[in-house]
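Shown next, in structure tokens, is the structure this report addresses.
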Amino acid sequence: MYSSIVLEHFQNPHNQGVIPDADTMGQVGNPVCGDIMKLYLKFRESDKDKPVEQRIIEDIKFETLGCGAAIASTSMLTDLAKGKTVAEALKVTKQDVADALGGLPAVKVHCSILATEALEKAIEEYKNNLQLKK
Ligand code: FES
């Protein structure tokens, strides 16, 4: 049912955990199953005067109460987004994540949405907080 890449990421997730001094965190819930995803981001310090889209994602970690497919998808997303600019990371689609995992069973595609939505939410929260500080 799952590809070997999915199983590998599920059994040994990359970038799982919390970034205590994260610049932002995005939390989303999956309306289909009720599972939760939290994604933490830390931007490169030397980029702090650049527009948000041009900042490099230096560190990214996730915590989830989701299923194996959600864990594998987010593990893969963190690999795809780490070291990229915010603009590049936001271009990663749930299809890119599923493709990089060697495909997901159709009934599990909704689980992969948590990863990209949590990333979008974390960036959105960061921008909102910047607005509030102005
Ligand atoms: Fe809830 Fe997969 S069943 S995220």
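All of the numbers you see were taken from the coordinates with simple rules; none came from a lab. This structure is a prediction, so every number in the text was calculated from the model and none was measured. A quick note on method: Cβ atoms are made from the backbone with ideal geometry, for glycine too, and the neighbour counts reach across all protein chains shown.
Side notes on the structure shown:
- Student exercise, segment 1-50 dipole from Lys, Arg, Asp, Glu Cβ charges, in Debye to nearest 20: 40
- Label-point separation in nm, LYS50 to VAL18, each point 7 Å along Cα→Cβ: 2.9
- Translational diffusion coefficient (Stokes-Einstein; Kirkwood radius from C-alpha pairs) of the chain at 37 °C, 0.692 mPa s, in µm²/s: 223
- Distance violations [Cα-Cα > 25 Å] among LYS42/LYS133; LYS42/LYS108; LYS50/LYS94; LYS61/LYS127: LYS42/LYS108; LYS50/LYS94
- About the centre of its Cα atoms, segment 27-124 shows a dipole size close to 60 debye [charges on the beta carbon of Lys, Arg (+1) and Asp, Glu (-1) only; nearest 20 debye].
- Among CYS111, CYS33, CYS67, residue whose mean-square fluctuation peaks in a GNM of the chain (springs only between Cα atoms under 10 Å): CYS33
- Applying the Karplus relation 6.51 cos²θ - 1.76 cosθ + 1.60 with θ = phi - 60° to segment 69-77 yields 3J(HN,Hα) values of 5, 5, 5, 4, 5, 6, 4, 5, 4 Hz, where x marks Gly and Pro.
- Förster radius 30 Å - calculated FRET efficiency between MET1 and GLN95, Cβ distance, rounded to 0.05: 0.95
- Expected 222 nm ellipticity per residue - DSSP helices of 4 or more, -39500 (n - 2.57), all of the chain, to 500: -13500 deg cm²/dmol
- Pair ALA87, CYS67: separation of 7 Å Cα→Cβ label points (nm): 3.7
- A Gaussian network model of the chain, with springs between Cα atoms under 10 Å, assigns the largest mean-square fluctuation among LYS61, LYS48, LYS94 to LYS48.
- Annotation: the antiparallel percentage among DSSP beta bridges lying fully within the chain is about 95.
- Highest average packing first - 71-78, 3-10, Cβ atoms within 10 Å: 71-78, 3-10
- Amide H partners (placed H, <5 Å) of THR24, local residues excluded: LEU41
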